[in-house]
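The structure appears right after this line, and notes come after that.
The values are calculated or read from the model by the stated rules, or taken from the named source; none is laboratory data. Treat the numbers as computed from the prediction; the structure is a model and nothing was measured. Every residue, glycine among them, receives a Cβ derived from its backbone with ideal geometry; neighbour counts consider all protein chains shown. Only protein heavy atoms, including side chains, enter the accessible area calculation; ligands, DNA and RNA are left aside. Shrake-Rupley method; radii C 1.70, N 1.55, O 1.52, S 1.80 Å.
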Amino acid sequence: MTAITTDKAPLAALPTHVDTLIVGTGFAGLAAAHRILKGNRNADVILIERAGDVGGTWRDNTYPGAACDVPSNLYSFSFAPSPDWSNNYARQPEIFSYLRSVADDFGFRERTLFNCELLAGRWDPQLSRWVVETSRGTISAKVLVAATGTLSNPSLPNVPGIGDFTGTMFHSATWDHSFDPTGKRIAVVGTGASAIQFVPELAEPAAHLTVLQRTPAWIIPRLDRPVGKLERTLYRTLPPTQKIARGGLYLYREAYVVALAKFTFLLPLFKMLATSQLRKQVKDPVLRKKLTPKFTIGCKRMLLSNTWLPTLARPDVNLVDHGVSAVTADGVVDSSGVEHKVDAVIFGTGFTATEPPVAKVLHGTDGRSLADIWDGSPNAYRGTTVHGFPNLFLMYGPNTNLGHSSIVYMLESQANYISSALEQMADRNLVSVNVNQRSQDFYNSAIDEGLEGTVWNSGGCSSWYFDKNGRNSVMWPTFTWGFRQLLRTADLGDYELDKNDTPGADVPAPQPQESESA
């Protein structure tokens, strides 16, 4: 790794002012910090983090079996390749350790104030700055980068009696490690990407598992393997070999888009793979029918597992193909009215991807919050900027999610765009940049049009990609290199520009305002 170090002492207190404030220290926040500092190693940049360490979702999601479904060589920063991955698909502890090492090696930790939660951010037109309230004080920032993540806040089902349960209850994203599953009757609500990883881990120690499935998922084999010592040595001594391996993985994964978004008539080839695995691993035709989706494969993300289907075929595991309708003091009630008495309830019910909490606490030029502006349908220009919110840049913003490849590639693309914008602002002595509404609307119309023929929009499923207004505000519709090209530089011709007529003027102290908790 080529470190970008800082001679600053570890950040102990929140400063009054900063040029660039980055909120969050997961992949998104670290990508933004790296690219901005690469352009100007002396840039005035700090990061705030609501937790006590870096890592984002890979710090928080510590459930048994947590792992990535994108190969490690691709699910990592291009500027910080690691030759030390132990498996083709890295597990959570290893990814968390990797992010911590990146923060240390590049000097990001010294720029971060931990246990500092964003409470509110308001654009002050008099200051031409963001006034940001945190749990550790108020700071003004010329530029605000919201790198809070899309999959950061757990979603719980809104069902009656959820507070009445007398046993152990938690969401997979806030795993209770004091809970011992040995000999317990456990209900798992949800059968998505998290559940297919932790359910097999619970089956052996638990007395009985009841898995409540609302909709089955298409499962394909997880082609995992240990990374041998020879391969790791090769990557360490000849780094270009790992770069070549990464490039090959990228092209292989990118080819998925041909079927998912371009020529969907090819998707039956993926279905053959999934149905073959289902037949081999589930012999009971009744159970197999419950596990066969009715929507086109790829409409929801294809899930990778070699252990999920065999686990559901165990005699001590009961798959209920009804969602949960209520919670009682002693268990859960499925939508057919049957109560299942259990000792613990674990929710694997995903995250609030289309209603990010950060949108509720960021207020733009007219005083309205980002959530109010979006009104249930998040949209942004190039997934990164929103009209009426000058100098605000979103990481992992609307329509930047992928169904086939590594989100890290998208985040690095956004980081390039942000850095380009900041460099041009400095060169042209600009106080603020505010994307114009026409450019934003035109861009999102093109996104909507691009999504129309994709399997994500036309595959017949109800997925978390769709917001409450029925718009797919999550997915990127085509090849990721197209996104990279669009975001290579910031074209400020698409922005309303405010020039600084008094460079070097002192910035007035921000005034704290009534806060809202993120």
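Take the residues in the stretch 375-425 that are part of a loop (DSSP other than H, G, I, E, B) and polar (S, T, N, Q); name whichever of them is most open to solvent (accessible area, probe 1.4 Å).
In the first step, residues of the stretch 375-425 are kept if they are part of a loop (DSSP other than H, G, I, E, B); the result is 375-380, 382-384, 386-391, 395-400, 402-406.
After this cut, where a residue has to be polar (S, T, N, Q) as well, the list is 377, 379, 384, 391, 399-400, 405-406.
Numbers: S377: 20, N379: 37, T384: 0, N391: 1, N399: 2, T400: 0, S405: 5, S406: 1 Å².
Looking at the filtered set, the residue picked out is N379.
In this structure, is T134 polar (S, T, N, Q), over 30 Å from R236 (Cα atoms) and open to solvent by 30 Å² or more (accessible area, probe 1.4 Å)?
Working: polar (S, T, N, Q): yes; over 30 Å from R236 (Cα atoms): yes; open to solvent by 30 Å² or more (accessible area, probe 1.4 Å): no.
No.
One line per residue, one yes/no per condition, for (1) closer than 17 Å to F295 by Cβ; (2) of a type outside the set (S, T, Y); (3) at pLDDT 95 or above; (4) surrounded by 13 or more Cβ atoms within 10 Å (Cβ to Cβ):
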| site | (1), (2), (3), (4) |
| --- | --- |
| Y443 | no, no, yes, yes |
| E449 | no, yes, yes, no |
| T454 | yes, no, yes, yes |
| N457 | yes, yes, yes, yes |
| S462 | yes, no, no, no |
| K468 | no, yes, no, no |
| V474 | yes, yes, yes, yes |
| T478 | no, no, yes, yes |
| Q485 | no, yes, yes, no |
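Given the conditions (1) touching a residue at least 24 places away in the same chain (Cβ under 8 Å); (2) within 14 Å of V455 (Cβ to Cβ); (3) open to solvent by 50 Å² or more (accessible area, probe 1.4 Å), report the number of the one that L260 does not fulfil.
(3)
Filter the stretch 311-345 for residues that are of a type in the set (D, E) and in a strand (DSSP E or B); which is least open to solvent (accessible area, probe 1.4 Å)? Explain how you work it out, then say what you get.
The first filter runs over the stretch 311-345 and keeps only residues of a type in the set (D, E), leaving 316, 321, 330, 334, 339, 343.
Of the ones still in play, those that are also in a strand (DSSP E or B) are 334, 339.
On the way: D334: 4, E339: 80 Å².
Out of the qualifying residues, it is D334.
Condition check ((1) in contact with a helix residue (DSSP H, G or I) (Cβ under 6 Å, 6 or more places away or on another chain); (2) at pLDDT 95 or above; (3) on the phi > 0 side of the Ramachandran plot) across all residues:
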{"residue": "R185", "(1), (2), (3)": "no, yes, no"}
{"residue": "G190", "(1), (2), (3)": "no, no, yes"}
{"residue": "A195", "(1), (2), (3)": "no, yes, no"}
{"residue": "H208", "(1), (2), (3)": "no, yes, no"}
{"residue": "I220", "(1), (2), (3)": "yes, yes, no"}
{"residue": "L230", "(1), (2), (3)": "no, yes, no"}
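Just the residues that are surrounded by 14 or more Cβ atoms within 10 Å (Cβ to Cβ) and not hydrophobic (A, V, I, L, M, F, W, C), please, taken from the stretch 263-291. Steps first, answer last, please.
Of all residues in the stretch 263-291, those surrounded by 14 or more Cβ atoms within 10 Å (Cβ to Cβ) come to 264, 267, 270-271, 273-275, 277-278, 281-282, 287-288, 290-291.
Once the filter is applied, which keeps residues that are surrounded by 14 or more Cβ atoms within 10 Å (Cβ to Cβ) and not hydrophobic (A, V, I, L, M, F, W, C), the stretch 263-291 yields T264, K271, T275, Q277, Q281, R288, K290.
Considering only the stretch 21-28, I want to know if a residue exists there that is more than 22 Å from S413 (Cα to Cα) and either at pLDDT 95 or above or not polar (S, T, N, Q) (or both). First the steps, then the outcome.
Taking the stretch 21-28 and keeping what is more than 22 Å from S413 (Cα to Cα), we get none.
Taking every residue of the stretch 21-28 in turn, none turns out to be more than 22 Å from S413 (Cα to Cα) and either at pLDDT 95 or above or not polar (S, T, N, Q) (or both).
Which pairs do you get when a residue that is under 17 Å from Y417 (Cα atoms) and polar (S, T, N, Q), found in the stretch 485-503, comes within reach of a residue that is open to solvent by less than 70 Å² (accessible area, probe 1.4 Å) and modelled with pLDDT of 95 or more, reach meaning Cβ atoms under 6 angstrom, with the pair 6+ apart or on two chains?
That search, which allows pairs on different chains as well, returns T489/S420.
Among the residues of the stretch 359-372, count how many are open to solvent by less than 30 Å² (accessible area, probe 1.4 Å) and either at pLDDT below 95 or part of a loop (DSSP other than H, G, I, E, B) (or both). Spell out how you get there, then give the answer.
Taking the stretch 359-372 and keeping what is open to solvent by less than 30 Å² (accessible area, probe 1.4 Å), we get 359, 361-364, 369-370.
Remaining after also requiring either at pLDDT below 95 or part of a loop (DSSP other than H, G, I, E, B) (or both): 361, 364.
Residues that pass the stated criteria total 2.
Return the total of residues in the stretch 426-441 being surrounded by fewer than 17 Cβ atoms within 10 Å (Cβ to Cβ) and under 30 Å from G298 (Cα atoms).
Number satisfying all stated conditions: 1.
When both residues are 6+ apart or on different chains and their Cβ atoms are under 9 Å apart, which pairs have a first residue that lies in the stretch 350-362 and is within 19 Å of W123 (Cβ to Cβ), and a second that is open to solvent by less than 30 Å² (accessible area, probe 1.4 Å) and among the acidic types (D, E)?
Close Cβ pairs (under 9 Å, with a partner that is open to solvent by less than 30 Å² (accessible area, probe 1.4 Å) and among the acidic types (D, E)) amount to V361/E133.
The rows are residues; the columns are (1) out of contact with any helix residue (DSSP H, G or I) (no Cβ under 9 Å at 6 or more places or on another chain); (2) more than 28 Å from L144 (Cβ to Cβ); (3) surrounded by fewer than 17 Cβ atoms within 10 Å (Cβ to Cβ).
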{"site": "L11", "(1), (2), (3)": "no, no, no"}
{"site": "L30", "(1), (2), (3)": "no, no, no"}
{"site": "I36", "(1), (2), (3)": "no, no, no"}
{"site": "G39", "(1), (2), (3)": "no, no, yes"}
{"site": "N42", "(1), (2), (3)": "yes, no, yes"}
{"site": "T62", "(1), (2), (3)": "no, yes, yes"}
{"site": "S86", "(1), (2), (3)": "no, yes, yes"}
{"site": "S101", "(1), (2), (3)": "yes, no, yes"}
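Which one of the conditions (1) under 18 Å from L362 (Cα atoms); (2) in contact with a Leu (Cβ under 8 Å, 6 or more places away or on another chain); (3) assigned to a strand (DSSP E or B) does G29 fail to meet, given that it meets all the rest?
Failing condition for G29: (3).
Taking helices (runs of 4 or more DSSP H) that fall entirely within the stretch 158-256, which contain at least 2 residues that are within 26 Å of P310 (Cβ to Cβ)? Quick ask: steps written out before the conclusion?
Details: elements: 195-203, 229-237, 239-254.
Per the criteria, 195-203.
Any idea which residue in the stretch 190-205 is nearest to V338 (Cα to Cα), counting only those that are open to solvent by 10 Å² or more (accessible area, probe 1.4 Å) and in contact (Cβ under 8 Å) with a residue 40 or more places away in the chain? Spell out how you get there, then give the answer.
Filtering the stretch 190-205 for residues open to solvent by 10 Å² or more (accessible area, probe 1.4 Å) gives 190-194, 197, 200-201, 204-205.
Those still in the list that are in contact (Cβ under 8 Å) with a residue 40 or more places away in the chain too: 190-194, 197, 200-201.
Values: G190: 17, T191: 19, G192: 22, A193: 26, S194: 25, Q197: 26, P200: 24, E201: 26 Å.
Only one residue fits best here, namely G190.
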